[in-house]
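Scroll down for the structure; my scribbles are underneath it.
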Amino acid sequence: MISRRQTLGLLGGTAAALALPSVRQSRAAAATTLRIGWQKNGVLALAKRQGALEKRLSDRGISVEWSEFTSGPPLLEALGAGALDFGATGDVPPLFAQAANGNLLYVGLYTGSPESSAILVRKDSPIQTLADLKGKKVAFKRGSSAHNVTVKALRKGGLTITDIQPLDLAPPDASAAFKTGAIDAWSIWDPYLAIAEADPDTRILATARGIVDSFSYFLANGDFAKGNPQVIIDVIDELAKVGAAAQSNLDGTVKALSEITGVPAEVTRVTLTRPGANLGGVSTITDAAITYQQGLADEFYNLGIVPKKLNVTDIVWRPKAS
């Protein structure tokens, strides 16, 4: 399971996240600093290590500041409050941020492998199908992408969220509970998934393949995006280049991400070589992604998970045609 070193490496940004000021002044004017919220994975982590965005924006006189977060919800809270300008997260956190009237916009998209999320059980567990989760203790982080995977996986098994005992646990707490048998199943994403999967006593009950599309998003503070559209365009373009280069040199990328996260290289390689994984899959928002996100917003509202009906297009930013 997840070792102390791996947990500390993956969660090392807690202090930095808590140190962020809660509110800053409007960022509608031309910026001299880009404040990025990041997590220890993916293209943003690689760009930070390489100084790619610093180089891209230096001619504009724009510096870059980085603040580390352990998950999407607090990152988007800071973004919506004006304490950050740019960040990345999975599909569910933006729904809660929009429902809370956060000042933020979808500005970019990245896709990954559906196998990067899964529901895990112990190897000797009597749970053999999704339907067997009925009445069981299932852990996931509420408001995360794992929340979505859990809801849709249960539906595939003929169940709803009310048919299980849901437990809102952050990955390190869920890992400990899973290892001791305090929970019956765990819905989780990479790299936590790959770390747990390496334990021979762990079994994958179902991945998200055929259950959930793998859409994740780049978001920006609304004032910042409106006042600095070319910066957003440059950042998305540079991240696509970083991702494409990383995808073409997986050996080097495995080494780099392993050093960033503290996750062993062999486990990191698993996350980067799952079917459909593509670090270069970065773009501005597509119609397909908006349709997916609106469907998710409607579903979570109907289930009573999101407190109000959302119109996703209200907070979608698109670059103006030149």
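The values are calculated or read from the model by the stated rules, or taken from the named source; none is laboratory data. Just so we're clear, the structure is a prediction, and the values are computed from it rather than from any experiment. All Cβ positions, glycine included, derive from the backbone under ideal geometry; neighbour counts span all protein chains shown. Accessible surface is based on the protein model in full, side chains and every heavy atom, while ligands, DNA and RNA are left aside. Shrake-Rupley method; radii C 1.70, N 1.55, O 1.52, S 1.80 Å.
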May I ask you to derive the relative contact order of the chain, considering only C-alpha pairs under 8 Å and at least 6 residues apart, and to give it as an integer percent? 26 percent
Per residue of the stretch 95-111, what does 6.51 cos²θ - 1.76 cosθ + 1.60 with θ = phi - 60° give for ³J(HN,Hα)? Whole Hz please, x for Gly and Pro, Karplus curve as stated. 5, 5, 5, 5, 4, 8, 6, x, 8, 8, 9, 5, 10, x, 9, 9, 10
Give me the percent of DSSP beta bridges within the chain that run antiparallel, rounded to the nearest 5. 60 percent
Using a Förster radius of 41 Å, what is the FRET efficiency between Glu266 and Thr313 based on their Cβ-Cβ separation? Nearest 0.05, please. 0.45
What ranking, highest mean first, results for peptides 148-154, 232-238 when packing means the other Cβ atoms within 10 Å averaged over each residue? 148-154, 232-238
State to the nearest 20 debye the size of the charge dipole of the chain about its Cα centre, where the only charges are +1 on K and R beta carbons and -1 on D and E beta carbons. 140 debye
In the stretch 59-137, what trypsin sites (Lys or Arg not before Pro) fall in a loop by DSSP, with at most 11 other Cβ atoms inside 10 Å? Lys123
Cα radius of gyration and Dmax for the stretch 208-292 (Å): 15.3, 43
Take the alpha carbon atoms of the stretch 71-134, find their center, do the same for the stretch 251-319, and report the distance between the two centers in whole angstrom. 8 Å
If you consider only alpha-carbon coordinates, what radius of gyration and Dmax does the chain have, in Å? 19.1, 60
Hey, what D do you get for the stretch 38-159 in µm²/s if you plug the Kirkwood alpha-carbon radius into Stokes-Einstein at 25 °C and 0.890 mPa s? 145 µm²/s
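Per residue, how much accessible area does the stretch 213-322 show when a 1.4 Å probe rolls over the protein heavy atoms, in square angstrom?
With the other protein chains kept in place, the stretch 213-322 gives 45 Å² per residue.
Determine the percent antiparallel among the DSSP beta bridges restricted to the stretch 116-201, to the nearest 5.
The antiparallel proportion sits near 40 percent.
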Largest to smallest principal axis extent of the C-alpha atoms in the stretch 100-210, angstrom: 46, 30, 27
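Taking Cα pairs under 8 Å and at least six residues apart, what relative contact order does the stretch 173-322 come out at, in percent? Numbers along the way, then the final one.
Numbers: 87 pairs, mean separation 32.2, N = 150.
After rounding, I find 21 percent.
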The percentage of the accessible area of the chain (probe 1.4 Å, all protein chains present) made up of carbon and sulfur atoms, to the nearest whole number, is 52 percent
Whole-percent tail of the Cα-Cα distance distribution for the stretch 147-254, cut at 23 Å, equals 51 percent
Taking all pairs of distinct alpha-carbon atoms in the stretch 259-322, Kirkwood radius in angstrom: 15.2 Å
Taking 0.36 nm per residue of separation and subtracting the Cα-Cα distance, what length does fully extending Thr33 through Gln294 add? 90.8 nm
